[in-house]
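Data first, discussion second: the structure below is written as structure tokens.
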Amino acid sequence: MKNKKIIVIGGGFSSLAAACYLAHAGHEVVLLEKNEHMGGRARQWKHEGFVFDMGPTFYWMPDLMEAFFQDFGKSASDYYELLQLDPGYEIVFGKGDRLAVSADLSHVYEQYERIEPGSAAFLKRFLKKAGFNYRVAIDKVIYKPGRSVLELIHPETATRVFQFVESIQSYVRRNIKDARLRQALEFPVLFLGAKPSQTPAFYCFMNYADMVLGTWHIKGGMYQLIQAQMDLAVSLGVQLHTGQPVQKIVVEHNRVRGVETRDGRFWQADAVVSGADYHHTEQLLPERTRNYSESYWNSRVLAPSALLFYVGFDVKLPEVKHHTLFFDASFEAHAKCIYDRAEWPERPLFYASFPSVTDEGMAPAGKEAGIFLIPLAPGLNDSDEIRERYFKQILSRMEAVLGYEIRSHILFKRSYCVRDFMSDYHAYKGNAYGLSNILRQTAVFKPGIQNKRLSNLFYTGQLTVPGPGVPTALISGKIAATELLKQLNKS
Ligand SMILES: Cc1cc2nc3c(=O)[nH]c(=O)nc-3n(C[C@H](O)[C@H](O)[C@H](O)COP(=O)(O)OP(=O)(O)OC[C@H]3O[C@@H](n4cnc5c(N)ncnc54)[C@H](O)[C@@H]3O)c2cc1C
């Protein structure tokens, strides 16, 4: 096989991963990112000495990140330092009512037993099952290209069929009565972008990732993983270009011939891999060559969008944790607004992160960096007034829980919401996390990894297999690159 010229669109985790695998196989790879900065949804914002990860903050499944680097004879530790958080995170149900998810499982069991006698025994059984499922998911499911249902048929998956019929919510609720413990066990699947009542019990492997593998922080923030991928890519010969929005994928005689960027430049390619949002990538193509129609996209269940605030505080804030989930409101009411009614929630759950509690590099000495996130239905109209209203609400709720006032300590804040996701990343309906991992949108039922009419066009990223999340974005890049390499090896 002669070395080929491959264009990769996008500078997020999936595109960077695909670029690394393709360059490692000896091809000439050029990556084109629309924005002036790399990282996509995981980009970083530095302001007045504060450092904010604008997207992902939970580093889960460290084994999968390690597997990525090992594919290149490297280790994550060659690029960054990992710190395990203890507690991994805390859930606040109201003033004085908190649940800390300790890095030490025996403490977690003790805490569960104290709240609900008998629940520790269930949790042990649950995590054992979750551990089996984790291995099955990693070894048999997650690295598959989603081309055929047969990929998923193994003795290990067949014996777990019933776990695809029951939801994680019903499984947990059959066994746990305490509302707080139920929420704690249902929370991890929210990372998959769907309601626990719609997520198969099989996905309890997320609880294994949470409680057994732990929550980690990269010193310097999640962006260090983007930086590591960039360093790796450059060492493998990938050419990285920022500020190069692709405006057209050029097609001739049922083949992709290259791409055109906004400045009118044509970039010739033997194949293209796009890690831009799937729906947007299709808009760059002639209509007859698109995989899916608008009505297909309209019928998809998207994972949430989000309203985010990045805030600099002029003091250290006593009692705040690295990650806190504010579950001091009705989860059901909020979930209905996201998934059933697509409207702004009255009193949403929210997430608060203070990475400078663990990592002094994230804020100037004596100050605190805060990130707040409210999950929302994608496609909502957002305005500055609405953003401000929610900011005031979450500050009041934080102050009520902390028992002291924080708003006078705000040095600056930046908000980010649906319209920013659309304009910055070309995100379909402003989604933050891609498509929901409900059963009918899992594996072979996700938007396909290859164009059906243009055999040299591949898709990667959180809207195709395996789905949303940092480790899964790395895997998606590997899958797209592997499928393209198989095809190139045949030609
Ligand atoms: C707020 C938030 C919090 C999250 N929290 C977590 C978490 O804690 N843990 C976790 O594991 N996951 C988390 N996620 C999910 C995770 O961040 C994503 O799944 C992952 O970053 C997606 O990577 P990607 O490569 O698929 O897409 P992206 O990062 O969106 O990359 C796509 C890139 O394509 C570029 N692009 C678009 N159009 C063009 C064009 N025409 N030409 C050139 N380039 C183009 C975009 O600018 C972008 O850089 C979070 C996501 C968000 C948004």
>> At a 10 Å Cβ-Cβ cut-off, how would you order Ser119, Ser14, fewest neighbours first?
In response: Ser119, Ser14
>> Based only on other Cβ atoms within 10 Å, what is the fewest-to-most ordering of Ser383, Ser197?
In response: Ser383, Ser197
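Using packing as a proxy for protection, rank 226-239, 433-446 so that the peptide with the highest average count of other Cβ atoms within 10 Å comes first. Present the calculation step by step, with values, prior to reporting the outcome.
On the way: 226-239: 19.1, 433-446: 21.3.
Highest mean packing first, the order is 433-446, 226-239.
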> Tell me which lysines have Cα within less than 17 Å of Lys144's Cα, excluding those fewer than 8 residues away on the same chain?
Replying inline: Lys446, Lys478, Lys486
> HN-Hα J couplings of region 365-372 from phi, Karplus 6.51/-1.76/1.60, θ = phi - 60°, integer Hz, Gly and Pro as x?
Replying inline: 3, x, 10, 10, 9, x, 10, 10
> Could you give the distance between the Cα centres of region 119-181 and region 235-261, to the whole Å?
Replying inline: 40
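DSSP H helices in the chain with Cα extent of 20 Å or more along the helix axis and mean Kyte-Doolittle hydropathy at least 0.0?
Working: long enough: 119-136 (25 Å, -0.06); 384-402 (27 Å, -0.51); 470-490 (31 Å, 0.35).
Length and hydropathy pass: 470-490.
Assign one of three labels to region 38-178, namely rounded, prolate or oblate, based on the Cα gyration tensor with a ≥ b ≥ c the square roots of its eigenvalues; rounded applies when a/c is under 1.5, prolate when it is not and a/b is larger than b/c, and oblate otherwise. Each step should come with its number before you reach the end.
Numbers: a/c = 1.99, a/b = 1.08, b/c = 1.85.
Here region 38-178 falls in the oblate category.
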> Per the helix-only calculation at 222 nm, which mean residue ellipticity applies to the chain, given -39500 (n - 2.57) for every DSSP H run of n ≥ 4 and division by its residues, nearest 500 deg cm²/dmol?
Replying inline: -9000 deg cm²/dmol
> Can you work out ³J(HN,Hα) from phi for every residue in region 258-271, in order, using Karplus 6.51 cos²θ - 1.76 cosθ + 1.60 and θ = phi - 60°, giving whole Hz and x for Gly and Pro?
Replying inline: x, 9, 10, 9, 4, 7, x, 6, 9, 10, 5, 8, 7, 7
> Where Lys and Arg each count +1 and Asp and Glu each count -1, what net charge lies around Thr159 among other residues with Cβ under 12 Å from its Cβ?
Replying inline: +2
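Which net charge results when you count Lys and Arg as +1 and Asp and Glu as -1 among the other residues whose beta-carbon is under 11 Å from that of Gln169? Provide the component values of the computation, followed by the final result.
Working: positive: Arg173, Arg174, Arg182, Lys195; negative: Glu166, Glu186, Glu332.
Within the 11 Å Cβ shell, the charges total +1.
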>> If amide hydrogens are placed 1.01 Å from N in the peptide plane, which non-local residues have theirs closer than 5 Å to the one on Gly434?
In response: Ala303
> Between Phe132 and Thr289, what FRET efficiency follows from the Cβ-Cβ distance if R0 is 56 Å, with the result rounded to 0.05?
Replying inline: 0.85
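Order of 393-401, 188-196 by packing, highest average Cβ count within 10 Å first?
Details: 393-401: 17.0, 188-196: 24.9.
So the peptides 393-401, 188-196, ranked by packing, come out 188-196, 393-401.
Quick one: Cα convex hull volume of the chain, Å³ per residue? Each step should come with its number before you reach the end.
Numbers: hull volume 69.5 nm³, N = 491.
Taking only Cα atoms, the chain has a hull volume of 142 Å³ per residue.
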>> Sort 72-82, 372-382 by packing, meaning the average of other beta carbons within 10 Å per residue, with the highest value first.
In response: 372-382, 72-82
>> Please list the three semi-axes, largest first and in whole Å, of the ellipsoid equivalent to region 109-211, using sqrt of 5 times the eigenvalues of its alpha carbon gyration tensor.
In response: 26, 13, 12
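FYI, it's all coordinate maths here, none of it is from the lab. All figures in this text were calculated on a predicted structure; none of them were measured in a lab. Counting neighbours? That spans all protein chains shown, and the Cβs are built from the backbone with ideal geometry, glycine included.
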